[in-house]
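K.L.:
Before we start, here is the structure in question, set down as structure tokens.
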Amino acid sequence: MRLTCPHCGNRGIEEFAYGGDADRRRPDGEPFGQAWMDYVYLRRNPAGAHREWWYHASGCRAWLVVTRDTTTHVVASVQEVAR
Amino acid sequence: MDEPGIAIVTRDRFLASIEARRGQAGAVAATIAAAYGIDLPSAGRWAGGADIAFAWAGPGEWSAIADRPIARDLAGRLAGQAAVTDQSDGWHLTEVSGLRVRDTLAKMLPIDLDPAALPPGAVALTRAGHIDLRLRHLSAGVYELAVFRSLGADFAGWLEASAAEFR
């Protein structure tokens, strides 16, 4: 798998670190309970489009949001997180 | 004398990191241009010469590479615009050249080293095996490789072993 970093260009996956689901939302303000249990422990495992964090650890050290199809590994977009 | 297959030289340079504060990248560029006559390079580039150069080091970040102590001067000029840190002791710098330099580097670097993709003036932030590395293409076929100093001995060992067949 390869990703096209908006700063560094097309690079191999060994330069990047996976940061998980980009659509999880921290339930700030919620009392401890099911919402926090879900946030901490539950992960979606979609067959298809998935938005996920990637960190260009061995490159420019930018955090990226990658939209990828988990069944084909086709990358639809790579965007830098707003600074 | 014929050009050697590979030549490896360890370099001593004074280094400083420059990290622009939020919204200050333009001001940093103006300060550097006024003080040193060098336009801060965009992503994947370096600018300057052997006495002082600035290499892109990430979004809003640059590395100054100089033949004299530079961090204090930079910190004074860029006060309020950027965080400047002396990195002179932090990096191990090697200059490599020769007819087979790209064959040597290709053994460990996962990037396209062809001059069409990485011409003189280019900077690549990448890795050599598991060692993070910053490469500068100084002039045609001459590369500067910077790794964290604590990994310098291991990196030099790999480089010498990889280059041995091209001597």
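Each value in this text was obtained by applying a stated rule to the coordinates, not by laboratory testing. In this text the structure is predicted, and so the values were computed from the model without any measurement. Neighbour counts run over all protein chains shown; Cβ positions are idealised from the backbone, glycine included.
K.L.:
Counting only helical runs of four or more DSSP H residues, what would the 222 nm mean residue ellipticity of chain B come to if each run contributes -39,500 (n - 2.57) and the total is spread over all its residues?
P.N.:
Numbers: 4 runs with 36 residues, N = 167.
It comes out at -6000 deg cm²/dmol, rounded to the nearest 500.
K.L.:
Also: Taking the Cα centre of the protein assembly as shown as origin and charging only Cβ (+1 Lys, Arg; -1 Asp, Glu), how large is the dipole, in debye to the nearest 20?
P.N.:
Details: 27 positive and 30 negative charges, 112 e Å.
Roughly 540 debye for the protein assembly as shown.
K.L.:
By the gyration tensor of its Cα atoms, with a ≥ b ≥ c the square roots of the eigenvalues, what is the shape of segment B:13-86: rounded for a/c under 1.5, prolate for a/b over b/c, or oblate? Before the final figure, lay out the partial values.
P.N.:
On the way: a/c = 1.44, a/b = 1.17, b/c = 1.23.
Since a/c stays below 1.5, the shape of segment B:13-86 is classed as rounded.
K.L.:
Contact order normalised by length for chain B, with contacts defined as Cα pairs under 8 Å and 6 or more residues apart; what percent is it?
P.N.:
Values: 318 pairs, mean separation 42.7, N = 167.
Computed value for chain B: 26 percent relative contact order.
K.L.:
Tell me, what is the percent relative contact order of segment A:1-74, built from C-alpha pairs under 8 Å that lie six or more residues apart? Can you show the working numbers first?
P.N.:
Values: 104 pairs, mean separation 23.5, N = 74.
Relative contact order for segment A:1-74 comes out at 32 percent.
K.L.:
Further question on the same structure: Calculate the mean, over all residues of peptide A:60-73, of how many other protein chain Cβ atoms lie within 10 angstrom of the residue's Cβ.
P.N.:
Working: counts 9, 6, 3, 0, 0, 0, 0, 0, 0, 0, 0, 0, 0, 0.
Mean partner-chain Cβ count within 10 Å for A:60-73: 1.
K.L.:
Sticking with this structure for a sec: Please list, by residue number, every one of the trypsin sites (Lys or Arg not before Pro) in segment A:1-66 that is coil in DSSP and has at most 16 other beta-carbon atoms within 10 Å. Don't jump to the answer; show the numbers that get you there.
P.N.:
Details: sites: A:Arg2, A:Arg11, A:Arg24, A:Arg25, A:Arg43, A:Arg44, A:Arg51, A:Arg61; in loops: A:Arg24, A:Arg25, A:Arg43, A:Arg44, A:Arg61.
Here the trypsin sites (Lys or Arg not before Pro) that fit, given the DSSP loop and packing criteria, are A:Arg24, A:Arg25, A:Arg43, A:Arg44, A:Arg61.
K.L.:
Under unit Cβ charges (Lys, Arg +1; Asp, Glu -1), what dipole magnitude, rounded to 20 debye, does segment B:90-166 have relative to its Cα centre?
P.N.:
Numbers: 7 positive and 9 negative charges, 28 e Å.
Dipole magnitude for segment B:90-166 comes out near 140 debye.
K.L.:
Measure nothing fancy, just the Cα-based angle from helix B:25-36's long axis to the longest principal axis of chain B, in degrees from 0 to 90, nearest 10.
P.N.:
80
K.L.:
Also, quick follow-up: Which value, in debye to the nearest 20, describes the size of the charge dipole of chain A about its Cα centre when Lys and Arg Cβ atoms bear +1, Asp and Glu Cβ atoms bear -1, and nothing else is charged?
P.N.:
On the way: 11 positive and 10 negative charges, 26 e Å.
Roughly 120 debye for chain A.
K.L.:
Would you kindly enumerate the cysteines in chain A that have no other Cys beta-carbon under 4.7 Å from their beta-carbon?
P.N.:
Lone cysteines by the Cβ rule: A:Cys60.
K.L.:
Could you tell me which residue out of B:Ile131, B:Tyr143, A:Gln34 lies farthest along the dipole of the protein assembly as shown toward its positive end? Charges go on the beta carbon: Lys and Arg +1, Asp and Glu -1, centred on the Cα centre.
P.N.:
The Cα lying farthest towards the positive end belongs to A:Gln34.
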